[in-house]
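See below for the structure under consideration.
No value in this document is a laboratory result; all are computed from the given coordinates. Bear in mind the structure is a predicted one, so any value in this text is a computation, not a measurement. Cβ sites come from the backbone with ideal geometry, for glycine too, and all protein chains shown count toward neighbours.
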Amino acid sequence: MHPFLILVCVPLAAGILGWIIGRLRNEFSFIGAVLSLYFAFRLFWHSRGGIEEFELVRIAGIPVAFRLDSLSGFILLFVAVFGVLILLFSFRYMKHWRGTRGYYFYMMLTLAGSYAVLLSANLFTLLIFWGALLVVLYGILLVGRRGAEKAAGKALVIVGLGDFAMLLGIALLLARGGMIDLRPQIPMPLHDGTMILAFVLLAVGALAKAGSMPLHTWIPQASKTSPATVMAFIPASLDKLLGIYLLTRLSVYVFDIATNVALRNILMTVGAVTVLGAVMMALVQKRVMRLLSFHAVSQVGYMVLGIGTGTPIGIAGGLFHMLNHSIYKAGLFLSAGTAEYMTGTEEIDKLGGLGRQMPITFFSFLVCALAIAGIPPLNGFVSKWMVYQGIIQIGGEGNRLFPVFLTAAMLGSVLTLASFLKLLHSIFLGQRPAALARVREGSFAMWVPTAILALTCIAFGVFAISFPLRSFIYPSLPMIVQPPGIWQPVLATLLVLIGLGVGAVVYLLGTGRKPAAGRSFVGGERIAYDEESRVTGTAFYTSVKRMPIVGDLLRFGEEGAFDLSNWVKGIMAGLGGVFRNSLDLLLDRGYQYLGQLVKNAGQGLSYVMTGRLTLYLAMILVGAAIFYVVLLLG
Amino acid sequence: MSFVENWFSFVGRGRSPWLDFAGGRVELYFALIFAFVGLVALLYSVVKIRGRGGQVVEYFAFLVLLVASGVGVVYARNLLLIFAAWEIATFAIWRLVLYYRSDEDVAAGSWAWFVNFGASTLMLVGLAIILFEEKTLSLDQLRGLEISMLPAVLIFIGILAKSATLPLYVWLPKAYRAAPAPVCAMLSGIAESIGIVLFFKLFVMTIRVPGAFMTTVAGLAIVSSLVAGGIALRAKTLRGLLAYSTISQLGFMFLGLALVGYHGVLGGLLYVLAHAVAKAGLFLSAGLVEDAAGTSEMDELGGGAKRSPTLAVATAVLALSVVGMPPLLGFFAKLGVLIGALESNLLFGVGAIIAALFTLLYMIRLYTKAFLGEAQTPDWKPINGFLVTLVVLMALVSLAGGVAVFGPVRFLQDEVLTLVGAF
C-alpha cells in the first residue's frame, strides 16, 4: 500500500474499529492517532527531499491524485501532533459527555479527512475530502449540549455555502479549460474574468473553512454547546491549518495573487475587518469559550492580511501565524477546558482566583494568552511582526491603503491583549468564589497536552528564525523570503529575561512584597473580602458597549444581525414564500379553472347529446358528407 | 460488467418494426435502477400495505406494472411502443395514488391522471407529426434527423408532465400527499425518471432539434429547480418538502442532459441513479417517521434520532446525497451537471448552485425538524426493523455509489463519449 494511503487509512480504520467495538474506542483512537503521527512524521521527512505523486483513479478523465510537497508536508505533521494531543486531553475531559462513541469516530474521521485534503494533488480531489470533512463536522457538532443542532446546522449552511462556491469555481475551471492542479508549473495570472471569478469562488471556500468574517458565525455558536476539545481541534487548529493552507496554495501556487492589486486589497480589507470586528465582539463576552471563539475568528484576519499583501514576507508571516495560532489557540481552549472541567462552569462571573490551585494550567494559559496578544518574545509576536513588515512593504510599493491595514492590525493586537487581561483576571487571578475552594489541578492527561502547547509557543518564539521559519515555513514557499527586519528573537529574549530579573530584584528588595495596607474609606463601610464584594471581569469593558456607534454595532452583532447564515436563510425563505404564494398558487388555480372550463364545456355538450339515435345518425351522415367533399376536392 | 450484459442479452431485437426492444449499457443502467427501486418498494409494501383483498391485489399488480412500463420505455426502440408503455405508467400512477380511496386521495389521483393524460395527448399529436414528416417512428431510423420545433415542443410537454417540471408539476405534490410511502418512492424513483429517460433517448441520443430548443429546456429546468427549491423550503409537511424537492432535483437532470456535453450528460445520468435511490429512501424513511409519530406536520415532529438512531443516520446519508455532499453519489452527479452547465453559460451554473443551496437549506430543515431536538409527540410507535434495513440499504447504495463512483462512470463513459462525439 502506498504510504499516502496508509496515512489516510490508519485513523480511518481506527475510528471504524473504535465505533464498532465501543468499549475499546479510547485505545483504538489513541493508537490510530499515534501511528498516524509516526507516518506523518515520515512523510514530512520525505517531503524535504522532493515532491512525490500518486494517482489513485481517474473519474471521467479527472484524476483523483495525491501529492506530497514541502507545504503539505509540514502541515501534515502538525495536524497529526494536534490530533494526538487533543485525543490525550479528551480521555479525561470527555468522560461525562453523552455520545462519546460518535465523538471518537468523528475525531478519527476528521483526522483522516484532513490528511487526505492536505495530500490532494488537485482541486477535485481536495473538494471531495473537503466536503467529507464538512459532513463529519456536522456530526461532531451534534455531539454536545442541548441545542447543539443549531450550531451544527449553522456550520453546515456557512461551510456548505463555501463548499458550493468551491464547487462552482472548480466546475468553472474544468469547463473553461483552466487547470485544477494544485502545483502547476507556472501559476495562472489573475487578469481575465473567468480566472478572477474562479479564484474568488475558491477563496470563499477557503475563508469559510478558516472562519474569516463574514463566514465565521458558526464558531461562536458552536462554542456554546460543543466540548472544548472539539473547539480546540476543529475551529481553533485544523480549520485554520486547512483553510489557510488552501488560501496559500491558491494565491501562490495555483494563481499568482501578486498580479492583481484590486484582489489583494479586497483580501486585506477582509482581513482587517475580521481582526477588528471579531476582537471587539470578544471584548464584551461573558463566557470563556465564546470569548475564545471570537479570537479564533479575529486571528484569521492576520493570516488573510499577510497573504493578501502578496509579498514574500507577508505570505510567510501569514503562514507562520497560521501555525502559531493553531498552537496557542488549541492551548487556550484546552486550558480553559481544564478550568471548566474542574469547576463545572465556564461563566466568567462564576470563576476566579484559580491560579494558585491550578498552577500548570495557569502557566499554559498565561503563555498562550501572551502569545496571542503578540507579546515578544513569544511566537505570536514574530508572525505578526512579519505581517506588519509585509504591509509596510506594500506601502513602499505605492499602496495608498497601507496605513489603514497597519493600524487595524496593530489596534487588533492591543484589543486582544485587553480581552485576555480580562480572562486572566477573571479565571486565574482576582478573588476566588467560595464555591471553588476545593478545586484542584487537572489530571495528567489534561495538563500535559496544554503544557506542551505552551512550551511550543515559547520555543517557536525564541528560536523563531533558526527553527520553525527555517525548517517549516521558508521551504514551503516557492519564493525567497527576506529575513524579517531587524528582529533578533534570541537577543530580545535575553533582554526580556534580564528585564524580568531586574524587576524581580526590585520586587524582592523594594516595597513590592510589603505593600502599605490601609483601610479604604467607602462611605464608612468596612469592606469584607467575601462573595458580595468579589470583582469579576465581566464588566471590564462595558464602556465599549456605551460607545455611540461601536456599541450599537456590537449589539446588532450579538443579536445576529451580521450573521451570514441568517441572511442566507432569510433571503432564501423569503424567495420561497414568494414562489409559493405567487407562482404555485397561480398554477394551481389556473389548472383548476381549466378543469372547470372543460367541465362546463362538457355540460354544454350535454344539451346537444340528448341520446336520441336519429340525432347521432344525422351527425354521422353530415360528418361523412364533409369527409367525402374534402376528399373529392383535395 | 460483461456478465451482467450477457445475462440481459435475451433482450434481443424484436421481429416486428413496432414491437422492437433493444438497448446498450445506458438502457441496462436505467433498467437496473428501476428494478432496484421497484424491488425495495415492493418489499416495503409487503410489510406495510394492508387492505381488502381485491384492493391489495390491484395495488401489487399496478406496482409491478409501473416497473414493467418503466423498463418498457427504457428498452423500446419505437416511439409508438414507448408511448404505449408511457400510458400504462400513467394509468398505474393513477391507480396507485388513490390507493387509500378517501375523497382527497381520489382527487389527487384524478389530478395525476388528467395532467399526465392531457399532456400525453399533446405528445401523441407530436408523434403523429413526426410520423407524417419522417414516415417512421422507429428510433433507429430517426437517428440523426432534424425535426422541427412543433413536434419537439409537443413531445416535451408530455415529458414535462411526467417528470413534473415547472408549468406541469401541480399534480405531483398532491399525489405525494395522498399516496402510500412506497408509492411515493416509486413515483420519484421510477415514474419521474421515465420522462428523463425519454428525453435522453429521443432528444439526446436520437434526433436533432434546433439549438434554441435545448437552451430553453435548460433555462426552464433551472427556473423550475429554483422555484420548487424555494417552495420546498417553506413546506409544512415532510411529504410536501420531499415532493417539491423532487421537482427541484428533476431540474438538475434536465439541465445536465439538455446541454449535450460529455460531463453534463454523464452527470445527468449519474443524477438519475443518485436521485432515484436517495429520494426513494427518503420517502420510505419519511413514511416510517410519519407512521411512528402519527403526523406529517414538521412542527409536530422531533427527536427521531433518539428513538431510532439507525434510521436517523441512514436518513442523514440520503439527505446529504441529495444535497450533493462528497463522498456520496449525489456530489459527483452535481459536479458533472455543473461542469456541463458552465460549458454553455455562466448564468446556468450560478442558477444551479443557488438551487443547490436551496437543497442544502431544506434538507437541514427536514433533518432538524424530524430527527433532532426534543420529541413533540410522546407516543412514538415502534418501527419495523426490516423497513429500517431497507432505508439503510438505500443509504449504503448512495455511499457505495459515491466512494466507488468510477464504477458507474466507467460503465457509462464510452457510450456517452460516442454519443457526444456524434453531435
Any chance you could run the full-extension gain for B:Leu396 through B:Val223? It's 0.36 nm times the residue separation minus the Cα-Cα distance, nm to one decimal. 59.1 nm
Mind checking the alpha-carbon convex hull of the stretch B:210-423 and giving the volume per residue in Å³? 97 Å³
Report the one residue of A:Gln357, A:Leu323, A:Ala561 whose Cα lies farthest in the direction of the positive end of the charge dipole of the protein assembly as shown (charges on C-beta: Lys and Arg +1, Asp and Glu -1; origin at the Cα centre). A:Gln357
Burial ordering of B:Leu79, B:Leu42, A:Leu276, fewest other beta-carbon atoms within 10 Å first: B:Leu42, A:Leu276, B:Leu79
Would you report the distance distribution of C-alpha pairs in the stretch A:260-479 as whole percents per 5 angstrom bin, up to the bin with the largest distance? 1, 8, 16, 19, 17, 14, 10, 7, 4, 2, 1, 0, 0
Which order, highest average first, do A:446-453, B:83-90, A:581-588, A:594-601 follow once you tally other Cβ atoms within 10 Å for each residue and take the mean per peptide? A:446-453, B:83-90, A:581-588, A:594-601
Order of B:Ile190, A:Ile170, A:Ile51 - criterion: other Cβ atoms within 10 Å of each residue's Cβ, fewest first: A:Ile51, A:Ile170, B:Ile190
Based on Cβ point charges of +1 for Lys and Arg and -1 for Asp and Glu, what charge dipole magnitude is obtained for the protein assembly as shown about its Cα centre, in debye rounded to the nearest 20? 2120 debye
Here the equivalent ellipsoid of the protein assembly as shown, derived from its Cα gyration tensor, has semi-axes (largest first, whole Å) of 61, 31, 26
I want the local charge near B:Ile155. Using Cβ-Cβ distances under 15 Å, sum +1 for each Lys or Arg and -1 for each Asp or Glu among the other residues. -1
Would you please give the FRET efficiency between A:Arg470 and A:Ile51, computed as 1/(1 + (r/R0)^6) with r the Cβ-Cβ distance and R0 = 25 Å, to the nearest 0.05? 0.80
Where labels lie 7 Å past Cα in the beta-carbon direction, separation of A:Ser582 and B:Ala61 in nm: 4.8 nm
In order over the stretch A:617-633: 3J(HN,Hα) from phi, Karplus 6.51/-1.76/1.60, θ = phi - 60°, whole Hz, x for each Gly or Pro, gives 4, 5, 5, 4, 4, 4, x, 4, 4, 4, 4, 5, 4, 4, 4, 6, 6
Longest principal axis of chain B (C-alpha) makes with the long axis of helix B:79-97 (C-alpha) an angle, in degrees to the nearest 10, of 10 degrees
Skipping prolines and chain starts, which residues have an amide H placed within reach, meaning under 5 Å, of the one on A:Ile375, given they are 5 or more residues away or on another chain? A:Phe381
Residue by residue, what Karplus-based ³J(HN,Hα) values in Hz, rounded to whole numbers, does the stretch A:11-17 have, using 6.51, -1.76 and 1.60 with θ = phi - 60° and x for Gly and Pro? x, 4, 5, 4, x, 5, 4
Shielding by partners for A:155-168, please: the mean number of other protein chain Cβ atoms within 10 Å of each residue's Cβ. 5
Which net charge results when you count Lys and Arg as +1 and Asp and Glu as -1 among the other residues whose beta-carbon is under 15 Å from that of B:Gly401? +3
Amide H neighbours of A:Leu56 under 5 Å, at least 5 residues apart or on other chains, H built in the peptide plane: list them. A:Val64, A:Ala65, A:Phe66
Ranked output for segments A:205-211, A:261-267, A:183-189, A:82-88 by mean other Cβ atoms within 10 Å, highest leading, reads A:205-211, A:82-88, A:261-267, A:183-189
Need the full-extension length gain, A:Asp192 to A:Arg101, defined as separation in residues times 0.36 nm minus the C-alpha distance. One decimal, nm. 27.8 nm
For the stretch B:318-423, what does the alpha-carbon gyration tensor say about shape, rounded, prolate or oblate, given a ≥ b ≥ c as the root eigenvalues, a/c under 1.5 as rounded, and a/b over b/c as prolate? oblate
Roughly what angle does helix A:148-175 make with the longest principal axis of chain A, taking Cα atoms, 0 to 90 degrees, to the nearest 10? 70 degrees
Mind sorting A:Leu423, B:Leu357 by how few other Cβ atoms lie within 10 Å of their own Cβ, fewest first? B:Leu357, A:Leu423
About the Cα centre, and with charges only on the beta carbon of Lys, Arg (+1) and Asp, Glu (-1), how big is the dipole of the stretch A:336-425? Nearest 20 debye, please. 200 debye
How big is the stretch A:88-165 by the Kirkwood estimate over distinct Cα pairs, in Å? 13.4 Å
Quick check: the angle from helix A:444-462's long axis to the longest principal axis of chain A, C-alpha only, nearest 10 degrees? 80 degrees
Inter-chain shielding of A:128-141 (mean C-beta neighbours from other protein chains, 10 Å cut-off): 3
The alpha-carbon center of the stretch B:285-357 and that of the stretch A:396-442 are separated, in whole Å, by 42 Å
Hey, how many Å between the Cα centroid of the stretch A:567-599 and the Cα centroid of the stretch A:126-159? 33 Å
Please give the calculated 222 nm ellipticity per residue for the protein assembly as shown, where each DSSP H segment of at least 4 residues contributes -39500 (n - 2.57) and the sum is spread over every residue; nearest 500 deg cm²/dmol? -23500 deg cm²/dmol
Given a Förster distance of 51 angstrom, what is the FRET efficiency for A:Leu605 paired with B:Arg143, based on the Cβ-Cβ distance and rounded to 0.05? 0.70
Taking R0 as 35 Å, what FRET efficiency do you get between B:Val420 and A:His2 from their Cβ-Cβ distance, rounded to the nearest 0.05? 0.55
Could you compute the net charge surrounding A:Arg67? Neighbours are other residues with a C-beta less than 14 Å from the C-beta of A:Arg67; K and R count +1, D and E count -1. -3
So for the protein assembly as shown, taking the charge dipole from beta-carbon charges (+1 Lys/Arg, -1 Asp/Glu), which of A:Ala132, A:Gly178, B:Leu347 sits furthest toward the positive end? A:Ala132
Could you pull the Cα extents of chain A along its three principal axes, largest to smallest, in whole Å? 131, 68, 60
Name the residue farthest towards the positive end of the dipole of the stretch B:210-423 from the options B:Gly302, B:Met253, B:Pro210, assuming +1 on Cβ of Lys and Arg, -1 on Cβ of Asp and Glu, about the Cα centre. B:Gly302
Compute the length gained on full extension between B:Val47 and B:Asp291: take 0.36 nm times their separation in residues and subtract their Cα-Cα distance, giving the result in nm to one decimal. 86.5 nm
Violations at 31 Å Cα threshold for listed pairs A:Lys150/A:Lys286; A:Lys209/A:Lys286; B:Lys135/B:Lys334 -> B:Lys135/B:Lys334
Quick shape summary for chain B, equivalent ellipsoid via Cα gyration tensor, semi-axes whole Å in descending order, reads 33, 24, 20
Going by average Cβ neighbours within 10 Å, how do the peptides B:215-225, A:364-374 rank, with the highest at the top? A:364-374, B:215-225
Within 10 Å of the Cβ of an average residue in B:226-239, the count of other chain Cβ atoms is 5
Separation between the B:Asn384 and A:Val550 pseudo-spin-labels, each 7 Å from Cα along Cα→Cβ, expressed in nm? 6.5 nm
